[in-house]
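Worksheet: one structure, shown below.
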Amino acid sequence: MNYQYNNNPGRMNKRVTFLNPPGTTSNGWPSKEWTKHETVWAELKTAKGYKLFSSDATQWQGKCVIGIRYRKDIHEKMRVKIADKTYEMESPPVNDNGNNQWLTIFLKEVM
């Protein structure tokens with residue numbers, strides 16, 4: 001982790017599951033539904049205080065940001081399941097500072 005930029009592995013206290021999209025090859029056959037890819041520990045980052053009020057609060061409904069340790073196999077077509085809610089990625093995962101230590105992922109809840 002990169003302590004210089006306030007990425008603390010002790011804050012990764014949520015289990016998140018990444019899901020592969022339909023059509024992904026599994027056991028030699030393309031899947032017809034979302035399939036489990038990997039479950040990892042993550043830090044759930046939420047908008048607080050002035051950040052929430054200075055932005056358009058209605059746009060932040062159903063959105064969150066997670067931070068995980070760097071992985072090469074995570075891409076923007078995946079979905080993320082946190083507790084009982086499913087989210088889709090708004091953009092490709094961000095490799096913080098290009099250090100291959102931490103990924104920041106912006107999510108939007110799937111309705």
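Readers should treat all values here as calculations from the given coordinates under stated rules, not as data from a laboratory. It should be emphasised that the depicted structure is a prediction, and the values quoted were computed from it without experimental measurement. All Cβ positions, even for glycine, are placed from backbone atoms using ideal geometry, and neighbour counts span all protein chains on display.
Of K63/K85; K14/K108; K14/K36; K72/K108, which sit over 19 Å apart, Cα to Cα?
Over 19 Å Cα-Cα: K72/K108.
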When N is the residue count of the range 67-111, what does its C-alpha Rg come to as a fraction of 2.2 N^0.38 Å? 1.15
How high is the FRET efficiency from E76 to E109, r the C-beta distance, R0 22 Å, rounded to 0.05? 0.85
